Amino acid sequence: MAAKKATPAKKSASGKKTTAVKKATPVRKAAAVKKSVPVKKSAVAKKATPVKKTLAVKKTLAVKKSAAVKKSAAVKKSAVVKKAVAPERVAPARPPRNESHTALVRRARRIDRELAEVYPYAHPELDFENPFQLVVATVLSAQTTDLRVNQTTPALFAKYPTPEDLAAANPEEVEEILRPTGFFRAKTKSVMGLSKALRDDFGGEVPGRLEDLVKLPGVGRKTAFVVLGNAFGRPGITVDTHFQRLVRRWEWTAEKEPDKIERAIGELFPKTDWTMLSHHVIFHGRRICHARKPACGACPIAPLCPAYGEGETDPEKAKKLLKYEKGGFPGQRLNPPQSYLDAGGIPAPPLGATTAAPASPSTGTAGPATDSPSRGTG
Ligand code: SF4
């Protein structure tokens, strides 16, 4: 047994060493070794190791140790350097050239999922109680903010609650009500014309089919999809100015015409996602990814965006560009859905209200007067 235990030392030594080991390890001693604890055995082994080898081993160990120390120091140093120069700003995530359709689908859906987390309360930002109110409000929202439309329509629908009422109205009175929305003469013509068509061709009801909706005066595919998606629960992609801008920034499509954009984006998402996708994109366009000054430095999807850097990348400066609830200001709806209120959203005040918005948590300054036209299209 003793001989067996001593074997590893013998094997690992050179020929000379084997002899030394043999000499140095008499049977009796081996018996003692057997009884003794491994420390003794190790002592024997040490004794048997020639001086040269010991030096060589020491040298090797020293070299290894010094290499390890150097390596660890280098790693530490490199970590420190990395930490010191770690970029605070997010690098743009350019999609690869010749991105495959599958890769594009994955990327687009990932952006939508992230936006759904940022805006879990996304909703249509026009106040409405029925399809008629929604189709009229959507026509009025051209070239103005949803906020301004929401502040104007309560008076309109109080006086003309049905298509029949609006169709039979005095145009001048309607124009007076619609004046704050801009282009009020043309808009009066459109809403009165579509009310007449609803009364005469659809029995006073808003039709729930795309092909019927687009026949109404002043109603294009965009308005039709807003109505289908939000008043009838039928999937629709709303290609408004924000949607067009953002999908191009994200390189989801290079198309420029709304109909072609709608088709291209429709291929990237299942139909069931279309309505909420539109809300997510439009919410993002209104609050963060603005036309002239996108707030890239405060954008939660910056790591996924190929256009990162098109706007302000300094986080502090970018925060000041945020609008609506992201900037600490009221939203656009006077009567927003409960989910928006639950998320801390502030409803917009009625037209003419002088109350300023509460202090912005990000800027610490009071928000703009809520009926200010300076908030841009939205
Ligand atoms: S704000 Fe900047 S980073 Fe964010 S989506 Fe728009 S362009 Fe991209």
Checklist line | Matching option when the condition is touching a residue at least 60 places away in the same chain (Cβ under 8 Å) and closer than 22 Å to S339 by Cα, among T145, T152 | finding: T145
Item checked: Odd one out for R333, checked against (1) more than 26 Å from L134 (Cα to Cα); (2) among the basic types (K, R); (3) touching a residue at least 60 places away in the same chain (Cβ under 8 Å) -> (1)
Next item on the list: Mind counting the residues in region 216-250 that are of a type in the set (D, E, K, R), closer than 17 Å to H280 by Cβ and surrounded by fewer than 18 Cβ atoms within 10 Å (Cβ to Cβ)?
Entry: 3
Next item on the list: Please identify the pairs in which a residue from region 266-291 that is more than 17 Å from R221 (Cα to Cα) and in the same structural domain as Y324 (by TED's automatic domain parsing) has its Cβ atom under 6 Å from the Cβ atom of a residue that is modelled with pLDDT under 95 and within 16 Å of the ligand (Cβ to nearest atom), counting only partners at least 6 apart or on another chain.
Entry: R286/G378
Next item on the list: Go through region 238-257 and give me each residue that's assigned to a helix (DSSP H, G or I), aliphatic (A, V, I, L, M) and out of contact with any Gly (no Cβ under 9 Å at 6 or more places or on another chain).
Entry: V247
Next item on the list: Kindly list, by first and then second residue, each pair from a residue in region 242-259 that is at pLDDT 95 or above to a residue that is more than 13 Å from the ligand (Cβ to nearest atom) and not aliphatic (A, V, I, L, M), limited to pairs with Cβ atoms under 6 Å and residues at least 6 apart or on different chains.
Entry: V247/T253
Notebook entry, point to check: Does region 124-132 contain any residue that is out of contact with any His (no Cβ under 9 Å at 6 or more places or on another chain) and without any contact (Cβ under 8 Å) to a residue 40 or more places away in the chain?
Noted result: yes
Margin query: more than 16 Å from the ligand (Cβ to nearest atom), at negative phi and part of a loop (DSSP other than H, G, I, E, B): which single residue out of P300, P336, P306 fits that description?
Written below: P336
Next item on the list: Determine if region 334-344 includes at least one residue that is surrounded by 16 or more Cβ atoms within 10 Å (Cβ to Cβ), at pLDDT 95 or above, out of contact with any strand residue (DSSP E or B) (no Cβ under 6 Å at 6 or more places or on another chain) and not hydrophobic (A, V, I, L, M, F, W, C).
Entry: yes
Item checked: Residue match in region 257-279 (condition: near the ligand (Cβ under 8 Å from one of its atoms), touching a helix residue (DSSP H, G or I) at 6+ places or on another chain (Cβ under 6 Å) and of a type outside the set (S, T, N, Q)) -> no
Check: Do any helices (runs of 4 or more DSSP H) entirely within region 95-170 hold 3 or more residues that are surrounded by 13 or more Cβ atoms within 10 Å (Cβ to Cβ) and of a type in the set (V, I, T), and if so, which?
Finding: 101-118, 131-140, 146-159
Notebook entry, point to check: Can we say P315 is over 19 Å from W250 (Cβ atoms) and in contact with an Asp or Glu (Cβ under 9 Å, 6 or more places away or on another chain)?
Noted result: yes
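The values are calculated or read from the model by the stated rules, or taken from the named source; none is laboratory data. These numbers come from a predicted model, not from an experiment. Cβ: placed from backbone, ideal geometry, glycine included. Neighbour counts: every protein chain shown.
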